[in-house]
Structures are given as structure tokens and as C-alpha cells.
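Visitor: My questions will all concern the structure given below.
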Amino acid sequence: MDVKYDFSSYRRVLELASTPAWDEFSQVALIAGAGIVLIGILGFLIFTLMTVLPGA
């Protein structure tokens, strides 16, 4: 394992990386938040069905 090579490649990636613009960040945050909400709703619906159906 070549540690010196690993650190130089990590450093190169960090130098090439840049912080996103506010528009890009807000768009990614909105899409990620919508995905989290959709998964939560899906989980709640499955929980509700599993609770209601056995009693029917």
C-alpha cells in the first residue's frame, strides 16, 4: 500500500473539488428532502396497513 500516493491523490481530488453554488445546493437539498418525505410516507402507509389489515 503506497501511502504517499494515496495522500497525493486525495489532495488532488480536494484541490479539484469546489463548493456548490447556492442554487445547486438548494436543488439537491430539495430533491433529497422530497425523497426522505416520500420514504417516510411509504413507511407510514405500510405500518398502517399492517396494523389495520390483521384486525379486519
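Visitor: Please specify each residue of the stretch 1-12 satisfying the condition of being loosely packed, with under 10 Cβ neighbours inside 10 Å, part of a helix (DSSP H, G or I) and of a type in the set (D, E, K, R).
Guide: Lys4
Visitor: On the basis of being surrounded by 10 or more Cβ atoms within 10 Å (Cβ to Cβ), assigned to a helix (DSSP H, G or I) and of a type in the set (Val, Ile, Thr), does Val52 make the cut? Talk me through it step by step, then tell me what you get.
Guide: Values: surrounded by 10 or more Cβ atoms within 10 Å (Cβ to Cβ): no; assigned to a helix (DSSP H, G or I): yes; of a type in the set (Val, Ile, Thr): yes.
The answer is no for Val52.
Visitor: Related question: Which residue out of Glu15, Glu24 is part of a helix (DSSP H, G or I), modelled with pLDDT of 90 or more, loosely packed, with under 10 Cβ neighbours inside 10 Å and not aliphatic (A, V, I, L, M)? Please lay out each step first, then the result.
Guide: Working: Glu24 fails: loosely packed, with under 10 Cβ neighbours inside 10 Å.
Just one listed residue meets the conditions, Glu15.
The values are calculated or read from the model by the stated rules, or taken from the named source; none is laboratory data. Remember, it's a predicted structure, so these values are computed and weren't measured experimentally. All Cβ positions, even for glycine, are placed from backbone atoms using ideal geometry, and neighbour counts span all protein chains on display.
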